[in-house]
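Have a look at the structure below, then the notes.
The values are calculated or read from the model by the stated rules, or taken from the named source; none is laboratory data. All of these numbers come straight from a predicted model, not from anything done at the bench. Neighbour counts are summed over all protein chains in view; Cβ atoms, including those assigned to glycine, are modelled from backbone coordinates with ideal geometry.
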Amino acid sequence: MRTYHQSTRRDLNCLKSDMVIKGRSGLGKSTFVNTLFKATVARRKSGEEEPLPSTTEVKTVSSSLSEGGVRLNLTITDTPGFGDHINNENCWEPIVSYIEAQYGRYLQEEQKVDRLLHIPDTRIHCCVYFIPPTGHSLSSLDVEVLQRLDKIVNVVPVVAKADTLTLEERAAFKERIRADLSDHAIKVYPLQEYEDLDDAPENMKIRERLPFAVVGSTTWHEIHGKKLLGRRSNWGLVEVENKSHNDFAYMRDMLIRTHMQDLIGSTAERHYENFRRARLSTKTTSKVNIVNGQDTDHMEDLNESKI
Amino acid sequence: MAAVAVERPPIDEKIRTLKLSGHVGFDSLPDQLVAKSTQNGFTFNILCIGETGMGKSTLMDTLFNTSFESNPAPHTLPAVKLKSHTYELQESNVRLKLTIVDTVGYGDQINKGDSFTAIVDYIDKQFDDYLQEELKIKRSLSAYHDSRIHACLYFICPTGHGLKSIDLVCMKKLDSKVNVIPVIAKADTISKSELTKFKQRIIQEIKANGIQIYQFPTDDDTMAKVNTEMNNQIPFAVVGSTDFVRVGNKMLRARQYPWGTVQVENESHCDFTKLREMLIRTNMEDMREVTHQRHYELYRKKILETMGFSDVGQDNQPVSFQQTFEQKRVEHREELQRKEDEMRQTFVLRVKEKETELKEVEKELYTKYDTLKREHAEEKKRYEDLKKRLDEEKAEFQKRKHQVATQQLTSHTLTLGKTKKK
């Protein structure tokens, strides 16, 4: 109980969650984020035709949300221009370097002599990857990008605009995507090798549903006296929160209600540590202690120099 | 070809506060955190400092309601030593790894000047171990068993007068390294009125000497009132007991005297319940935080600065840890190289010296050998001459002998002839 209280007051007051939303333009990323957090988190330039950026940009928007005494500082990073060009070689570079820059910033602060007590955490906790609903399989660009991203950040693949596919088409598409992911050894979140035994059955269920087929909407409609979020068309209403219509509710539950803490924790513990290890090892490759044949302990080396 | 220019993301400096139009669900985050922490288990390390026989082990037993196996220490130890034991306790589904560190032999020596060095060294070593783990390239901070001391209970002798000088000196040394909580031990030896005066004296002396004991946090609204009240009651006068006595129809922890029974859990008898409340039930987490954020950071800063690291380089440019480390490494290598060269030179010199020495000895030996050989040859010749002469004499003698023999024979025959003529 006490931890609950204390964590509400202190740790979560500065709880930050960073998400990167990636995908080609027009896939409904901003709408999706707004639906997820039920607030206009991502600003959409509706109506105006924005000139397509000539490079893949990385844009971040920070907002502070509060619910039930819990305050969440949410940062959404969007990647307009990704995959929109004719030649998309290296379009993932700005994104990868952005993610690594955040890790680098944290590492630098952590290593300072006079460091802050609460290091501002701008590391990306989750990357939502939007797959266009072609109905075929993962494109080569998707494969390339996912292969590079899954090693540095938690990746959650999502099929955007799922209302263009019927349920059978959806199931087949998901099958093919899952096959593609395993063929190319792309590890998406939740990671199988790091999970605890308690979470295993839950995570299995989530993995069976990957990638989530979502529909986003911020317009409310009234049906039988109930207010629902959905997309209305001539032949019917696609409800966002209806589990039989799309996987939005499952995704939202996983992302926010059950796995948010794990996303933040695993970024700090695994991806950040991997980055740190790689970064510190490259700087000291020429100075491996030959006597022990292992990485030299920093302190040992420093103590040696005092002899 | 799409240019690969990395644009620095324009971060929205003003974080906007948004209103939610529905239930999102991240208010379950504290629950997620709690579940995660409970799964990992908690660690808590207590250091008990006090003279032998103060009742430290008994108090620990009483606080945690178990009996930790510990033998009472003798009074004859030559120096202060620290003994630490780790126990795994479990209550409902919360696991606690408790480490209790005891000072053995504190205050028993004639010269108590060095009493606190062992304690300070121990605390520093725990910080050092953590710092080493943190600086490693391949580290696992979440799996690391945190052995830094979170709370230090300092047991004050119930003399009734005030703090002893060793108490003041020791607390002063420790107040910047660990959360010091002074307690009055064996409080059943002091009466109520004496106790209030004693407490006042202690607080006065602590303030006069500038010792910063641990204050319970008062910034949290829910606990602020209780904590401020408790802060005024420090030091807690405690009584510990491992014996249960039947009082009324319950078995309570108590100490039974002929004139009455001191109940440990009775608020009017002693402050034990307050100590337990503050130490375990309310502020355990805060103590861990303060240890990590204040004491450990202070230690880390000091150590890194003594090693020559700083955040600002020579030209007042911000220097990263890596750069300084690289510099030091290069310097160190050069130093080692220099030493190696020096040693090699001295080695070469020594070798030359030894060589010349050996050569001379060799020469000497040769000359000796030559003379000896010559002498032997001369002696041999002499003896051979002698032998030759002897041989010649022998031959001469033989010849003469033969001559005489033949002469005798002829003379003999002559004489024979002579006698016949008559």
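What number goes with the only condition from (1) out of contact with any strand residue (DSSP E or B) (no Cβ under 9 Å at 6 or more places or on another chain); (2) of a type in the set (Val, Ile, Thr); (3) modelled with pLDDT of 65 or more that A:Val70 does not pass?
The number of the failed condition is (1).
Given (1) more than 14 Å from chain A (Cβ to nearest Cβ); (2) at positive phi, identify the lone condition not met by B:Ser92.
All conditions are met except number (1).
Take A:Val153 and tell me if it is under 24 Å from A:Val33 (Cβ atoms), of a type outside the set (Gly, Ala, Ser), part of a loop (DSSP other than H, G, I, E, B) and in contact with a strand residue (DSSP E or B) (Cβ under 9 Å, 6 or more places away or on another chain).
yes
Identify all residues within region A:89-104 that are assigned to a loop (DSSP other than H, G, I, E, B), buried (at least 19 other Cβ atoms within 10 Å of the Cβ) and within 8 Å of chain B (Cβ to nearest Cβ); write none if there are none.
A:Cys91
Within region A:57-76, restricting attention to residues that are at the interface with chain B (Cβ under 7 Å from one of its Cβ atoms) and among the β-branched types (Val, Ile, Thr), which residue is farthest from A:Pro132 (Cα to Cα)?
A:Val70
Within the group A:Lys174, A:Lys187, which residue is in a loop (DSSP other than H, G, I, E, B), surrounded by 16 or more Cβ atoms within 10 Å (Cβ to Cβ) and among the charged types (D, E, K, R)?
A:Lys187
Output the number of residues of region B:158-186 satisfying the condition of being more than 26 Å from B:Phe44 (Cα to Cα) and touching a strand residue (DSSP E or B) at 6+ places or on another chain (Cβ under 8 Å).
The total comes to 2.
Here is a check on your reading of the model: is B:Val120 surrounded by fewer than 20 Cβ atoms within 10 Å (Cβ to Cβ), under 23 Å from B:Val290 (Cβ atoms), of a type in the set (A, V, I, L, M) and under 20 Å from the mean Cα position of the chain (by Cα)?
Working: surrounded by fewer than 20 Cβ atoms within 10 Å (Cβ to Cβ): yes; under 23 Å from B:Val290 (Cβ atoms): yes; of a type in the set (A, V, I, L, M): yes; under 20 Å from the mean Cα position of the chain (by Cα): yes.
Criteria met by B:Val120.
I'm checking my understanding of the structure. Among residues of region A:105-124 that are within 10 Å of chain B (Cβ to nearest Cβ), surrounded by 15 or more Cβ atoms within 10 Å (Cβ to Cβ) and in contact (Cβ under 8 Å) with a residue 12 or more places away in the chain, which one is farthest from B:Arg300 (Cα to Cα)?
A:Thr122
Taking B:Ile184 as the residue in question, decide whether it is more than 22 Å from the chain's Cα centre (by Cα) and either within 18 Å of B:Gly55 (Cα to Cα) or aliphatic (A, V, I, L, M) (or both).
It is true that B:Ile184 is more than 22 Å from the chain's Cα centre (by Cα) and either within 18 Å of B:Gly55 (Cα to Cα) or aliphatic (A, V, I, L, M) (or both).
How many residues does region A:91-104 contain that are free of Cβ contacts under 8 Å to residues at least 12 places away in the same chain and hydroxyl-bearing (Ser, Thr, Tyr)?
Looking only at that region, the number is 1.
Could you check region A:105-162 and list, in sequence order, the residues that are farther than 22 Å from A:Asp18 by Cα, of a type in the set (A, V, I, L, M) and at pLDDT below 85?
A:Val113, A:Leu138, A:Leu141, A:Ala162
So, of the residues in region A:78-88 that are polar (S, T, N, Q) and at the interface with chain B (Cβ under 7 Å from one of its Cβ atoms), which turns out to be nearest to A:Val155 (Cα to Cα)?
The selected residue is A:Asn88.
What is the one condition in (1) within 30 Å of B:Asp114 (Cβ to Cβ); (2) modelled with pLDDT of 80 or more; (3) not basic (Lys, Arg) that B:Val34 does not satisfy?
That leaves (1) as the condition not met.
For residues that are under 17 Å from A:Glu100 (Cβ atoms), touching a residue at least 12 places away in the same chain (Cβ under 8 Å) and either not in a helix (DSSP H, G or I) or not small (Gly, Ala, Ser) (or both), tally how many sit in region A:245-286.
Qualifying residue count, region A:245-286: 8.
Identify all residues within region B:202-223 that are surrounded by 12 or more Cβ atoms within 10 Å (Cβ to Cβ) and either within 29 Å of the chain's Cα centre (by Cα) or over 18 Å from B:Leu153 (Cα atoms) (or both); write none if there are none.
B:Gln204, B:Asn209, B:Ile211, B:Gln212, B:Ile213, B:Tyr214, B:Thr218, B:Asp220, B:Thr222, B:Met223
So B:Asp124 clears everything in (1) without any contact (Cβ under 8 Å) to a residue 60 or more places away in the chain; (2) at negative phi except one condition, right? Which one?
That leaves (1) as the condition not met.
State the number of residues belonging to region B:229-265 that are of a type in the set (A, V, I, L, M) and touching a residue at least 40 places away in the same chain (Cβ under 8 Å).
7
So B:Ile100 fits all but one of (1) over 15 Å from B:Cys170 (Cβ atoms); (2) at pLDDT 80 or above; (3) away from chain A (no Cβ under 14 Å); (4) touching a Gly at 6+ places or on another chain (Cβ under 8 Å); what number is the exception?
Status for B:Ile100: all satisfied but (4).
For region B:112-157, name all the residues that are away from chain A (no Cβ under 14 Å) and assigned to a loop (DSSP other than H, G, I, E, B).
Once the filter is applied, which keeps residues that are away from chain A (no Cβ under 14 Å) and assigned to a loop (DSSP other than H, G, I, E, B), region B:112-157 yields B:His145, B:Asp146, B:Ser147, B:Arg148, B:Ile149, B:His150, B:Cys157.
Yes/no matrix, rows are residues, columns are (1) within 29 Å of the chain's Cα centre (by Cα); (2) at pLDDT 80 or above:
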residue: A:Thr218; (1), (2): yes, no
residue: A:Arg231; (1), (2): yes, yes
residue: A:Gly236; (1), (2): no, yes
residue: A:Glu239; (1), (2): yes, yes
residue: A:Asn242; (1), (2): yes, yes
residue: A:Asp247; (1), (2): yes, yes
residue: A:Leu263; (1), (2): yes, yes
residue: A:Gln294; (1), (2): no, no
